[in-house]
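Peer 1: Following this message is one structure expressed as structure tokens.
Nothing in this text is a laboratory measurement; each read-out follows from the coordinates by a stated rule. These numbers come from a predicted model, not from an experiment. Using ideal geometry, Cβ is built from the backbone for each residue, glycine included, and neighbour counts are taken over all protein chains shown.
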Amino acid sequence: MIRLSAITPSGHVQLGNYLGAVRRWAREGTPDDVYFISDLHAMTSSHNPAKLRTLTREQFAVLIATGVDPHSVCVQSDLVRELGALTWVLECTCTYGEAARMTQFKEKSAKTNSASRSSVRLSLLTYPVLMAADILLQGAGEVPVGEDQLQHVELARALARRFNGTYGEVFTVPKAVVPKAGARIKDLADPARKMAKSARDSTGTVFVLDPPDLVRRKIRRAVSSPEGIANLADVLTACTGKEAEDFTDRYAELKDVVADAVIEELRPVRERTVELLEDQPELDRIRASGASRARSRAQHTLDAALRLSGLT
Ligand code: AQP
């Protein structure tokens, strides 16, 4: 069973991405799985090309440094031709109504006035179809996602079934799986929000590549409300595997214990990432090999989909 997951280079990898996703891919992944940097998805809103390239490379290095099987890792745009072709076929399988119904599209495009709505990128409407192409091209059977992405996997299932029924059996119909409750890491400065790589104010976000003294400073400044303390306890458990003891009235001590745990957890990843980023040929070699594996796996499905839909 192929599992497929992705991380979007919309910012530097943060602790929540790491504990909730990347570390799991390293620990629980099999060589059949596909883990990719979704740089095409990062273009659905205003983006800076040089920054996108740098973040893609950095996230790729973080995945490898964390121990995700290099055979499983690839960069989405390394398959842009295959994905472009399949996305077109799937757009011709999808209705406008289905795409426009996506809650994420409605939320992200629903700005206060219609002028700003009409200036959102068309790709914001169509990217769930690209996501379906990501999934179907690799023949993924399971797609671990958060609740917010369930609707997109449902669309991929609907498109796979419709195509198979109309033109011939080509696609594996994927299943969404919501991973069993991993802690949702909250922003340290505003625990009402989840930690996010693109947060406007980064004081509440620990990035995997932050130097240890910065990690400590951010954790020491974490909000000491009940939610903030519960979040720190979750971080401690995720890093050490142990339940946090009762630190009532000893929050400064708790913060130091959490900072130590996070620094130790991230240290090897950070060091290995820095080494990899300094070794461009090695990084290029791993990336090319992951791309070639993903491409060859995609080829059969793509050829069949093109042929059955009356192309080539
Ligand atoms: N705070 C979090 N706690 C646990 N898991 C998290 N993930 C993200 N934030 C947390 C998981 O990280 C994986 C990759 O995320 P993504 O890049 O696909 O997009 P996202 O969920 O939108 O991540 P961010 O960091 O919040 O990015 P921005 O700021 O750009 O929106 C996913 O498996 C996600 O669940």
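Peer 1: Run the reach check for LYS255 against lysines, Cα to Cα strictly under 17 Å, same-chain hits fewer than 8 apart removed. What comes back?
Peer 2: LYS186, LYS218, LYS242
Peer 1: Just want to confirm a number: the relative contact order over the chain, from Cα pairs under 8 angstrom separated by 6+ residues, in percent.
Peer 2: Values: 460 pairs, mean separation 72.1, N = 312.
Once normalised by length, the contact order is 23 percent.
Peer 1: For segment 173-217, go through all pairs of different Cα atoms, get the mean of 1/r, take its inverse, and jot down that Kirkwood value in Å. Show your work: numbers first, answer last.
Peer 2: Values: mean 1/r = 0.0805 Å⁻¹.
The answer is 12.4 Å.
Peer 1: Additional query: Order the peptides 31-39, 292-300 from the highest to the lowest mean number of other Cβ atoms within 10 Å of their residues.
Peer 2: In decreasing order of mean packing, 31-39, 292-300 become 31-39, 292-300.
Peer 1: Right, something else. Using only the alpha-carbon atoms of segment 1-117, report the extent along each of the three principal axes, biggest first, to the nearest angstrom.
Peer 2: Reported extents, whole Å, longest axis first: 45, 30, 25.
Peer 1: With +1 on each Lys and Arg Cβ and -1 on each Asp and Glu Cβ, how big is the dipole of the chain about its Cα centre, in debye rounded to the nearest 20? Present the calculation step by step, with values, prior to reporting the outcome.
Peer 2: Numbers: 42 positive and 40 negative charges, 188 e Å.
Roughly 900 debye for the chain.
Peer 1: Would you work out which of LEU308, LEU55, LEU254 lies farthest towards the positive end of the dipole of the chain? Charges go on Cβ: Lys and Arg +1, Asp and Glu -1.
Peer 2: LEU308
Peer 1: Reachable lysines from LYS106, Cα under 23 Å, same-chain residues fewer than 8 places away excluded?
Peer 2: Cα-Cα hits under 23 Å: LYS194, LYS197.
Peer 1: Let me ask something else about it. Taking the Cα centre of segment 144-247 as origin and charging only Cβ (+1 Lys, Arg; -1 Asp, Glu), how large is the dipole, in debye to the nearest 20? Let's see the in-between values first.
Peer 2: Values: 17 positive and 14 negative charges, 57 e Å.
Using Cβ point charges on Lys, Arg, Asp and Glu, segment 144-247 gives about 280 debye.
Peer 1: Can you compute the helix-only [θ] at 222 nm over the chain? Use -39500 (n - 2.57) per DSSP H run of at least 4 residues, normalise by all residues, nearest 500 deg cm²/dmol. Write down the numbers at each step before the final one.
Peer 2: On the way: 12 runs with 168 residues, N = 312.
Helices in the chain give a 222 nm mean residue ellipticity of -17500 deg cm²/dmol.
Peer 1: Follow-up question, since we're still on this one. Any idea what the alpha-carbon Rg over 2.2 N^0.38 Å comes to for the chain? Before the final figure, lay out the partial values.
Peer 2: Numbers: Rg = 20.5 Å, N = 312, 2.2 N^0.38 = 19.5 Å.
That ratio works out to 1.05.
Peer 1: Would you look at the GNM of the chain, springs on alpha carbons closer than 10 Å, and say which of ALA160, ALA26, ALA288 moves the most?
Peer 2: Judging by the Gaussian network model, the answer is ALA288.
Peer 1: Tilt of helix 251-278 relative to the longest C-alpha principal axis of the chain, in degrees (0 to 90, nearest 10)?
Peer 2: Value to nearest ten degrees: 50.
Peer 1: Taking Cα atoms, how many degrees apart are the long axis of helix 122-137 and the longest axis of the chain, rounded to 10 and kept between 0 and 90?
Peer 2: 80
Peer 1: Mind checking which of LEU136, THR273, VAL120 is farthest towards the positive end of the chain's charge dipole, using Cβ charges of +1 (Lys, Arg) and -1 (Asp, Glu) about the Cα centre?
Peer 2: VAL120
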